[in-house]
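Take a look at the structure set out below.
The values are calculated or read from the model by the stated rules, or taken from the named source; none is laboratory data. From a predicted model like this one, the values you see are computed outputs, not experimental measurements. Neighbour counts are summed over all protein chains in view; Cβ atoms, including those assigned to glycine, are modelled from backbone coordinates with ideal geometry.
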Amino acid sequence: MPLNPVARIMRATAIAATLSAAGTLGIVGTASAADSGDKPQIDVLNWWTSGSEAKSMRVLQQMLGDKGVKMNNDAVSGGGGSNARTVLKSRIQSHNTPGVAQIKGPKIQQWCETGLIGSMDKAAKSDNWDEHVAPRIAKSLQCDGEYVAVPFNVHRINWLWVNRSLLKEVDAEMPQTWSQFVGVLKKLKKADITPIAGGGNTWQVGTAFDALVGTVGDAKFYRKALIKLDQDALSSDKMVQAFKRLRTIQKYTDPNAAGLSWNHNTGMVVQGKAAMQIMGDWAKGEITNDGKTPGEEIACVTMPGNKNSYIYNVDTFEAFTVDSKSRQKAQAVFANTVMSPAFQRKFNMAKGSIPVREGTSLKGFDLCAKRSAQLYKKAKKADALVPSMSQDMAEVGAVKGAIFDVIAKFYNTKDMTAQDAAETLASRVKQAKQMSQL
Ligand code: GAL
């Protein structure tokens, strides 16, 4: 069972003391900002700042507003959330803990350890989440058997977004295999069309790398390498091939991409300034927001060469301990609203993902969402659903940081060989694993 309130405070105090002694976080408090009046309100810390992400959050704000809860949308820019995670820690330091924060994968469990985490269990029990969420996902939302986080969606990572008319211009077919893909890249380059928009920062390159690992091995290989962190898999020929493919991608990527955000890059594909982007289906939110229909003007294609993996990312928000009844009430309304079928439909249509609540109707969703749902089912049957490394669904802090470091080093050092990169990957991961056990 989760900690009772007294034990929680004791644990939080102990952790605060340890952290301030170490000079890392200073004093940690569980109190949030003072209540303003009696109206329930909730601070929602997140990293959803692109056009479609902000629009999706407005759906939530509106629905909560209709239920009498004021939502403060505390969005911190930076795809992938590293800035938002830093802000979360500093808010805790300054006794301004949000009601909920966007936290994913194994980090949900890490936060439980701090004793600063609130509960969503009442809401979960009253709506029977156990029955509505896939067991593996449901488990990741719980600490000691109590729900502490609520899931919003399921995103798929291994997509290629393609501007159909640019492909037509060079007389190319939609690529399905890796070699067809390379053929298309060559044709585009020859015609002076930027083949790929991407590579703006390590997070974007890491996202592409995730998809590439799915092309060199099946779901079993992905798991062995990026989840179980098996040394042989990490330094295998398959991993060498994944790095070789990353080098190929780099050769055909916009050379002026440094610093450009993922949504800027999606915009380049939509506007016909580049032909393709490798990105999770949050890109679809931007396509829709730009007035185009995903699956039509901009095609959604499984990453060419993908074996069988459905690399998934579930966005979740974890509750923090709050200091008043009205804020607790706001947390409960938040949890209930997010899991409601109405929200699941409206939010996910805007966000580009599919509902995480099983059995939610997809009527009115675009072709790509329907395709994603079919592929999810197929992968589930084939045991080929894999949590995304790049989106923090698989690894915690140090290990993921080490993987990203190697990817960045390889990307920025053009004469580093793929062989070298795979060997470095294995040794850096080993080191990070050992360090995190200390
Ligand atoms: C991911 C998040 C997605 C998406 C993306 C870009 O980490 O899970 O929902 O929005 O970042 O911001």
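Could you please find all residues in region 191-228 being surrounded by fewer than 22 Cβ atoms within 10 Å (Cβ to Cβ) and among the hydrophobic types (A, V, I, L, M, F, W, C)?
Selection gives A191, I193, W203, A219, F221, I227.
Show the residue pairs meeting these rules: Cβ distance below 9 Å; 6+ apart or different chains; first residue within region 67-96 and in contact (Cβ under 8 Å) with a residue 24 or more places away in the chain and within 15 Å of the ligand (Cβ to nearest atom); second residue assigned to a loop (DSSP other than H, G, I, E, B) and of a type in the set (K, R).
Close Cβ pairs (under 9 Å, with a partner that is assigned to a loop (DSSP other than H, G, I, E, B) and of a type in the set (K, R)) amount to G81/K104.
Quick one: in region 230-259, of everything that is among the hydroxyl-bearing types (S, T, Y) and in contact with a helix residue (DSSP H, G or I) (Cβ under 8 Å, 6 or more places away or on another chain), which residue is surrounded by the fewest Cβ atoms within 10 Å (Cβ to Cβ)?
T248
Just to verify a result, which residue in region 97-114, among those that are within 16 Å of the ligand (Cβ to nearest atom) and in a loop (DSSP other than H, G, I, E, B), is surrounded by the most Cβ atoms within 10 Å (Cβ to Cβ)?
Among those residues, the one meeting the criterion is I103.
Could you name every one of the helices (runs of 4 or more DSSP H) located completely within region 157-238 that has at least 3 residues being small (G, A, S), under 19 Å from D254 (Cβ atoms) and assigned by TED's automatic domain parsing to the domain that holds W282?
So the answer is 202-216.
Filter region 115-135 down to the residues that are assigned to a helix (DSSP H, G or I) and acidic (D, E), then identify the one that is surrounded by the fewest Cβ atoms within 10 Å (Cβ to Cβ).
E131
Select, from D281, D315, D323, the only residue that is among the acidic types (D, E) and more than 16 Å from the ligand (Cβ to nearest atom).
D323
Can you find even one residue in region 211-234 that is within 14 Å of G305 (Cβ to Cβ) and among the acidic types (D, E)?
Scanning region 211-234, I find at least one residue that is within 14 Å of G305 (Cβ to Cβ) and among the acidic types (D, E), so the answer is yes.
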